Amino acid sequence: MDRRAYLGGVASVASLLAGCSSSDGGGATPTVTPAPVPAGGSDPVAVAGELDPATLGDAHVDALSGGSARVAVEYKAGRREQPFDLARTLATVDGGAFTYRVFAIRELEFGAVTRAFRGLWYEDGEAVVRFGDESTRSVHLEPDDLTPPSPADRFDRDRLVAVLSAFRPSVTDEGDGNAVTAESVADPARLPTPRGLDGGETGRLRGRLDADGVVAELAALFAVPPSRAGSDPAPITYRLAVTDRRETTVERPDAARTLEWYRTLQSESPVPDGVAEIARPDW
């Protein structure tokens with residue numbers, strides 16, 4: 001389909017799900033009421049088998065913070081060969097040390113395109129190396145020039161919660177965790193779409209949750225409805241993968257290595273092959 005021009009940026013989600021509730025039917029069939037969750041914490045999966053996205057997002061961040069893991073995310077709007085909105089992030093964490101890198105493309109009005117990269121290594125409460133690139137101008141930034149992202153930003157909490165809130169997936173207990181699935185979008189208004197574009201109900205979601213609340217894998221495919229008769233929906237994919245838990249060693253890069261980070265994120269997805277993949281529905 002024709003590429004849609006828009007003011008760049010991913011719309012923030014104004015309101016995330018505060019929780020899920022369930023109600024029993026009015027029939028005479030006896031039911032067993034589950035014991036309440038202790039005041040010290042919340043189960044990210046509600047008793048009705050529905051997800052509490054906001055609580056799960058918090059559990060995801062808490063479990064990864066200070067741990068050891070590799071967290072990769074890719075958000076892509078538009079055709080594979082020519083996305084008009086792209087964000088790739090890769091974070092590694094091991095205790096108090098972490099690295100974070102993000103590459104983004106935004107298509108603006110009149111066909112203009114911006115590209116930006118940020119990369120940093122943070123250890124013992126201080127930024128050791130930071131690198132930034134805006135379009136064709138590259139600079140090595142001093143430690144005070146970039147603010148380290150919060151744990152929620154590093155582990156993509158807000159966009160993760162937005163996707164789960166929009167799909168409202170069903171949950172299947174797998175013993176050591178849960179599988180989440182959805183065959184359509186329940187609340188398109190909650191989808192993380194590029195600014196100025198609205199999502200539709202067509203979509204699909206697959207995911208896997210670890211027992212401690214970490215979203216180990218999540219793949220979602222949805223679409224911006226056609227802008228004109230006869231055109232196709234603009235596909236949007238969201239992929240997240242947490243790998244190498246308890247086995248990640250944070251890199252100690254120099255400035256040249258951070259430039260390699262940039263080139264790698266520019267050319268390929270940080271999400272490993274065979275992880276967090278999803279087949280496109282027959283639209």
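Every read-out reported here was derived from the displayed coordinates using simple, explicitly stated rules and does not represent laboratory data. Treat the numbers as computed from the prediction; the structure is a model and nothing was measured. Neighbour counts run over all protein chains shown; Cβ positions are idealised from the backbone, glycine included.
Using 0.36 nm times the number of residues separating Ala189 and Glu123, minus their current alpha carbon distance, what extension gain do you get?
19.9 nm
Tell me the relative contact order for the range 53-267 as a rounded percent, counting alpha carbon contacts under 8 Å between residues six or more apart.
Value for the range 53-267: 24 percent.
Within the P(r) computed for the range 53-267, what percentage of the Cα pairs occupies the region above 31 Å?
24
If packing is taken as the average number of other Cβ atoms within 10 Å across a peptide's residues, how do 72-82, 259-269 rank, most packed first?
72-82, 259-269
What's the extension gain from Gln82 to Arg280 if we count 0.36 nm per residue and subtract their Cα-Cα distance?
69.5 nm
Could you give the length gained by full extension between Ala152 and Thr181, i.e. 0.36 nm per residue of separation minus their alpha carbon distance, to one decimal place?
Fully extending the segment from Ala152 to Thr181 adds 8.1 nm.
Spin-label point model (7 Å from Cα, Cβ direction): what's the Ser65 to Thr114 distance in nm?
Inter-label distance under the simple model: 2.9 nm.
The range 160-225 to the range 69-120: how many Å between their Cα centroids?
20
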